[in-house]
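Bear in mind that the values in this text are calculations on the coordinates, not laboratory data. The model shown is predicted, which means the values in this text are computed figures rather than measured ones. So basically every Cβ, Gly included, is an ideal-geometry build from the backbone, and we count neighbours across all protein chains shown.
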């Protein structure tokens with residue numbers, strides 16, 4: 001049975017939730033993102049069971065899709081930032097282990113800590 005009022009209430013909650021997700025993405029609030037994902041799945045399941053997705057006005061569907069796409073772009077940017085931070089952390093940890101230098105021909109040399117000796121000249 002299709003209940004338009006219930007569907008509109010679910011859609012409104014879904015839109016509010018997508019706004020909360022956007023704020024959580026901007027704030028880096030991973031816990032909120034996890035909670036929101038579970039709520040989002042429940043709301044979408046309710047809409048699908050009621051048939052509300054098929055009966056949703058086109059304007060509202062476009063707005064929902066646009067908001068979801070914006071959140072997806074923010075999520076991709078956040079993931080890219082996390083990957084870059086992870087690579088940078090790895091580079092810093094690697095630099096603590098050894099120093100990379102290059103010779104005249106451009107070949108890379110790895111100098112391990114404690115393995116270098118000073119050359120003494122008289």
If you fit an axis through the alpha-carbon atoms of helix 4-27 and take the longest principal axis of the Cα set of the chain, what angle between them do you get, 0 to 90°, nearest 10?
20 degrees
Added length on full extension, which subtracts the Cα-Cα distance from 0.36 nm per residue, residue 26 to residue 5
4.4 nm
What does the extension gain come out to for residue 98 and residue 34, with contour length at 0.36 nm per residue minus their alpha carbon separation?
19.2 nm
By the mean-Cβ-within-10 Å protection proxy, highest first, 87-97, 33-43 rank as 33-43, 87-97
Quick one: grab the alpha carbon gyration tensor of the stretch 20-80, order the square roots of its eigenvalues as a ≥ b ≥ c, and give me rounded if a/c is under 1.5, else prolate or oblate depending on whether a/b is larger than b/c.
oblate
Among (i) 87, 30, 19; (ii) 95, 28, 21; (iii) 59, 25, 17, only one was calculated for this model; which label is it, if the read-out is Cα extents along the principal axes in Å?
(ii)
Sort the following peptides by mean Cβ neighbour count (other Cβ atoms within 10 Å, averaged over residues), highest first: 103-111, 12-20, 52-60.
12-20, 52-60, 103-111
Using helices alone, what [θ] at 222 nm do you get for the chain, with -39,500 (n - 2.57) per DSSP H run of 4 or more residues, divided over all residues and rounded to the nearest 500?
-25500 deg cm²/dmol
Note the angle between two axes, namely the Cα long axis of helix 58-97 and the longest principal axis of the Cα atoms of the chain, as a number of degrees from 0 to 90, rounded to the nearest 10.
20 degrees
For the chain, find the longest principal axis of its Cα atoms and tell me its angle to the long axis of helix 30-50, 0 to 90°, nearest 10.
30 degrees
